[in-house]
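Here the structure is laid out as structure tokens; the discussion comes afterwards.
Every read-out reported here was derived from the displayed coordinates using simple, explicitly stated rules and does not represent laboratory data. Since the model is a prediction, treat every value here as computed from it, not as a measurement. For neighbour counting, all protein chains shown are included, and Cβ atoms are generated from backbone atoms with ideal geometry for every residue, glycine included.
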Amino acid sequence: MNPGPSAPPIAPGATIGILGSGQLGRMLAMAAARLGLKTHIYAPDPGPAFDVAAQHTLASYDDEAALAAFADSVAVVTYEFENVPAQTAAVLEAHRPVLPRPEALAATQDRLVEKQFLNGIGVATAPFMAVDDAGALARAVAQLGLPAILKTRRFGYDGKGQVMIREGADLENVFASIGAQPAILEGVVPFAREVSVVAARGRDGSFTAFDVCENEHENHILSLTRVPARIAHETSACAVAMTQRIMDALGYVGVICVEMFVVEATAPGVDRETLVVNEIAPRVHNSGHWSIDGAVTSQFEQHVRAICGWPLGSTRRHGEIEMRNLIGEDANRWRDILGESGASLHLYGKHEARSGRKMGHVTRIVGG
Ligand code: AMP
């Protein structure tokens with residue numbers, strides 16, 4: 001059940017259904033509340049989104065009766081993570097629109113399918129080969145060379161389910177180390193920077209992008225986002241155009257994040273940057289958190305606008321911005337951050353500061 005461009009917009013006062021109870025769901029619910037909308041969170045585990053939503057359902061993603069009741073209680077269903085099972089989306093779609101469309105989940109849940117989709121629409125990725133067993137890994141290594149990165153096809157995030165393979169590695173052991181499951185081998189991209197484009201597409205095909213973000217990771221977890229990215233103007237324009245091509249191809253509605261590598265190609269007489277897409281997140285994204293305090297419309301509000309059939313908002317930035325994640329014990333510095341003029345603190349209300357856990361973030365406008 002998908003609303004066409006002519007379907008009536010959802011009115012303030014309606015309820016949006018969100019799958020997932022994490023901080024992304026929490027910030028979506030807060031943005032929805034500001035616009036007079038209610039939210040109903042559905043998740044198998046309690047999380048920070050439960051604290052700020054009018055309603056929640058604690059049930060598994062294969063509980064079809066609970067899914068049907070949830071869908072019937074909302075005007076539209078969206079999600080804060082990409083591993084929504086296909087059957088869950090199908091059950092929900094029989095009752096209410098699911099946006100972004102489940103086709104976007106199918107195209108992005110599996111790294112092999114995702115890369116084939118991207119190459120099919122003319123978007124560059126790292127060179128890759130499918131690897132289903134240790135023998136296929138040996139053939140892929142012979143073809144792509146080393147070093148290379150082996151990644152599970154599904155359920156990888158924050159560097160989980162991937163391993164760098166160097167000369168001399170025992171390939172049987174390497175394949176076993178990722179759980180001997182379907183994978184892809186990727187060539188290593190010699191990137192100068194990692195950037196992301198957070199953009200929105202409305203039900204009517206309207207499109208807006210935030211300025212390109214530059215991202216730094218520590219231990220595979222996003223640590224710092226800077227906006228604007230320190231890349232050439234033409235590179236930014238190309239990154240945004242690529243994102244729009246991806247969204248149009250998927251008939252996408254909502255906010256997306258496309259993560260890319262910037263490669264500096266310096267051949268004699270040539271000095272330019274090229275872009276290679278690493279992965280697509282069919283949802284709001286950590287690298288867009290700066291937009292809450294640093295742009296006219298946040299990524300969360302933009303997502304709500306898009307799925308409700310409302311006009312998209314301005315993505316104009318308030319200056320040069322830095323967003324830093326507060327991981328684990330970092331969040332214990334909350335008092336110092338509160339005392340800092342110009343710092344906007346966000347805490348997600350998680351009880352336990354386990355190492356590697358995203359506890360909050362802080363946004364600073366560092367320049368005009
Ligand atoms: P991913 O789980 O695909 O987002 O990868 C996590 C991080 O590993 C990326 O943000 C990069 O820093 C690095 N990485 C992943 N794939 C490649 C690649 N093909 N070449 C170089 N670095 C990579």
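With r as the distance between the Cβ atoms of Ala265 and Phe155 and R0 = 41 Å, compute the FRET efficiency 1/(1 + (r/R0)^6) and round to 0.05.
On the way: r = 33 Å, r/R0 = 0.82.
Computed FRET efficiency for Phe155 and Ala265: 0.75.
Roughly speaking, what is the stretch gain from Ala343 to Ala90, that is 0.36 nm per residue apart minus the C-alpha to C-alpha distance, in nm to one decimal? Mind dumping the intermediate values first?
Numbers: separation 253, 0.36 × 253 = 91.08 nm, distance 4.26 nm.
Computed gain between Ala343 and Ala90 is 86.8 nm.
Summed over qualifying helices (DSSP H, 4 residues or more, each -39500 (n - 2.57)) and divided by its residue number, the chain shows a 222 nm mean residue ellipticity of -8000 deg cm²/dmol.
Largest mean-square fluctuation among Gly349, Gly168, Gly47, in a Gaussian network model of the chain whose springs join Cα atoms under 10 Å apart, belongs to Gly168.
Rank the residues Tyr157, Tyr348, Tyr79 as a footprinting-exposure proxy: fewest other Cβ atoms within 10 Å of their Cβ go first. Could you put the intermediate results ahead of the total?
On the way: Tyr157 14, Tyr348 20, Tyr79 27.
The fewest-first ordering by Cβ neighbours comes to Tyr157, Tyr348, Tyr79.
Across every direction, the projection of the convex hull enclosing the Cα atoms of the stretch 15-98 has a mean area of 4.5 nm².
Starting from the Cα gyration tensor of the stretch 127-187, take the square roots of the eigenvalues, sort them a ≥ b ≥ c, and report rounded, prolate or oblate (rounded when a/c is under 1.5, otherwise prolate if a/b is larger than b/c, else oblate).
Working: a/c = 1.41, a/b = 1.34, b/c = 1.06.
It is rounded, given that a/c, with a ≥ b ≥ c, falls under 1.5.
Ordering Leu185, Leu347 by the number of other Cβ atoms within 10 Å of each residue's own Cβ, fewest first, gives Leu347, Leu185. Between Gln116 and Leu58, the simple label model (points 7 Å from Cα in the Cβ direction) yields a spacing of 4.1 nm.
If each residue's Cβ is checked for other Cβ atoms within 10 Å, how do Arg34, Arg153, Arg111 rank with the fewest at the top?
Details: Arg34 12, Arg153 20, Arg111 25.
In increasing order of surrounding Cβ atoms, one gets Arg34, Arg153, Arg111.
The count of lysine pairs in the chain whose Cα atoms are under 17 Å apart, excluding pairs fewer than 8 places apart on the same chain, comes to 4. Full extension of the segment from Ile221 to Ala7, taken as 0.36 nm per residue of separation minus the current Cα-Cα distance, would add 73.1 nm.
Expressed per residue, the C-alpha convex hull volume of the chain stands at 149 Å³.
Quote the charge dipole size of the stretch 193-367 about the Cα centre in Debye, to the nearest 20; the model charges only the Cβ of Lys and Arg (+1) and of Asp and Glu (-1).
On the way: 19 positive and 22 negative charges, 105 e Å.
Magnitude of the dipole: close to 500 debye.
Treating r as the C-beta distance of Arg333 and Arg166 and R0 as 35 Å, the FRET efficiency rounds to 0.40. Remark on Ile41: its backbone amide H falls under 5 Å from those of Ile18, Gln55, His56, Thr57, a criterion applied only to residues 5 or more positions apart or on other chains, H modelled at 1.01 Å from N.
First check a/c for the stretch 193-367, with a ≥ b ≥ c the square roots of the eigenvalues of its C-alpha gyration tensor; if it is under 1.5, answer rounded, and if not, answer prolate when a/b is larger than b/c or oblate otherwise. The partial results should precede the final answer.
Values: a/c = 1.79, a/b = 1.26, b/c = 1.42.
Note, shape of the stretch 193-367 comes out oblate.
This model, with +1 at the C-beta of Lys and Arg and -1 at the C-beta of Asp and Glu, gives the stretch 306-368 a dipole about its Cα centre of some 160 debye. Measuring r between the beta carbons of Ala14 and Glu320 and using R0 = 41 Å, the FRET efficiency lands at 0.65.
For the stretch 166-209, what class follows from the C-alpha gyration tensor (a ≥ b ≥ c being the square roots of its eigenvalues): rounded when a/c is under 1.5, otherwise prolate if a/b is larger than b/c, else oblate? In terms of gyration-tensor shape, oblate.
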